[in-house]
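Below you'll find the structure, written out as structure tokens, and then a few comments.
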Amino acid sequence: MPILHPIFILIFLFLAAASYWEIFKLEKKQSIFVWVAGILVIISVGFRINAGADYPVYKMLFSGFAIYTTYGDVFDKALFRPNTEEIEWIFVLINKIIFDFGLPFYIVTFIMALITVTLKFTTIYKNVAYPSLALLFYFMPIMFFEDSGQMRQGLGIAVCVASFKFIKERNLFMFLLCIYIALGFHKTAIVFLPAYWIVKIPLNSKRIFWILVASLLASPFELYRLGGSFFSSISPDDVSGAYTGYLDDRYYGTQVETGLNDIVKLFFIVILIKYDKKGCEEVWWYEYMRNLSVFGLALFYIFRSNEIFAVRLPGAYMFFVTMFCLSNLVYAVKGQTRQILYLGFMAYFVAMFFYFGSGNGHRGGFTIDRYTNALW
């Protein structure tokens, strides 16, 4: 059976040990664990060679940007002026600069990994009581799909997640600036725009339950198709064009995995609802994290009939479900409940490690027999 490369085994074992140490021995967060995990992830993701679903496409575009795109095109894209460039401007700019300096493509992946890991890990550390556990949720398997696969979206999500600081501070200008920067990496960042106001909606366990039930029942009606005209009226043509393009699956996307993934989401929802009050009482800003999580889950079920929409659009919101809410709930509860939650999550991580390694991990080039790195 295919198994992930030793570098990923090392990261997994380190985070498993670190999470246990944080939760049951020290009972407080440790920045050194985040630093070590961040360095290992940047090395494994940043210097990878021919690993990741979109790697061949990005490598091909690397030289194409230099040949067919000018810095004037990039500037026009940044100002939302009419242009023929379809890829987001900050991503193109980074690629062009690196190519013009004669550097190899793995410098692009390294810089992408450096940006996304720095933003995500810093935000997790500041907002989660036990960050090592949150990083396990990130590692298995978000790291492989977002930051080793759909790099542009991973970067856009990283900026959206970092904007949580300004959501808490109610700094609208800085939040909008973050959204603009996130759009420079991936157009789907526009969906995170309502987050600034969503966090203020009063919710409780009962309301969460009915919101998710209504979202699931709405799925067959494809209500997201109504959003095409809405985005056309409030956003630039290339952003609204990307949205309408997703409607009919014209763009690359990841199919929604059914079965085990749906069962896992159901368990996550039960935990969120059952311990909602405890989270609100024990965790700073938990209501904000929870509202974003609920909205992400609602989007997932509303978009369920469109495979690309269900994966791509709720991405930034879904980050708050596992990395923020579930990890913080382990802190919020005490005694045997904490132990049960931790053991349940660890069982999930172990199962995902082997399940992902034998499936998408093998196809993506992350297994022992396929993974290569520029450093060795």
Binned Cα-Cα distance frequencies in the chain - 10 Å width, integer %: 5, 24, 34, 26, 10, 1, 0
Residue among 293, 19, 31 with the largest mean-square fluctuation in a Gaussian network model of the chain, springs linking Cα atoms under 10 Å: 31
Point-to-point label distance, residue 126-residue 351, nm (Cα→Cβ direction, 7 Å offset): 3.5
Links that overshoot a 26 Å alpha carbon limit, given the list 165/334; 126/277; 29/168: 165/334
For the range 17-43 and the range 67-128, distance of Cα centres in Å: 29
Dipole of the chain, positive end: most advanced residue of 55, 33, 352 [Cβ charges, Cα centre]: 33
Sequence of 157, 201 from largest to smallest accessible area, 1.4 Å probe: 201, 157
The chain, relative contact order [Cα under 8 Å, separation at least 6], %: 25
Top of 162, 347, 134 by mean-square fluctuation, Gaussian network on the chain, Cα under 10 Å: 347
Extreme residue, positive dipole direction of the range 73-223, given options 99, 109, 193 (C-beta unit charges): 193
Theoretical FRET efficiency, 1/(1+(r/R0)^6), r = Cβ-Cβ of residue 205 and residue 1, R0 30 Å, to 0.05: 0.15
Calculated from backbone phi, Karplus (6.51, -1.76, 1.60) coupling profile of the range 205-211 in Hz, x at Gly/Pro: 4, 5, 5, 4, 4, 6, 4
Rounded to the nearest 10 Å², the accessible area of residue 197 at probe 1.4 Å: 130
Theoretical FRET efficiency, 1/(1+(r/R0)^6), r = Cβ-Cβ of residue 369 and residue 60, R0 25 Å, to 0.05: 0.55
FRET efficiency estimate (nearest 0.05) - Cβ-Cβ, residue 70 to residue 177, R0 30 angstrom: 0.70
All Cα pairs of the range 88-193, percent lying beyond 21 Å: 37
Amide H contacts under 5 Å for residue 372, placed H, 5+ residues apart: 49
³J(HN,Hα), Karplus 6.51/-1.76/1.60, whole Hz, each residue of the range 327-333, x for Gly, Pro: 5, 6, 5, 4, 6, 5, 8
Largest to smallest accessible area among 362, 186 [probe 1.4 Å]: 362, 186
Bins of 10 Å, starting at 0 and running to the largest distance - Cα pair percent for the range 1-129: 11, 32, 28, 19, 10, 1
Karplus-derived HN-Hα couplings along the range 54-66 (A = 6.51, B = -1.76, C = 1.60, θ = phi - 60°), whole Hz, x at Gly and Pro: 9, 4, x, 5, 5, 5, 5, 5, 3, 7, x, 4, 5
Hull volume in cubic angstrom per residue (convex hull over the Cα atoms of the range 319-376): 125
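The values are calculated or read from the model by the stated rules, or taken from the named source; none is laboratory data. Since this is a predicted model, take the numbers as computed values, not measurements. Note that we place each Cβ from the backbone using ideal geometry, even for glycine, and neighbour counts take in every protein chain shown. With ligands, DNA and RNA removed, areas are computed over all heavy atoms of the protein, side chains included. Shrake-Rupley method; radii C 1.70, N 1.55, O 1.52, S 1.80 Å.
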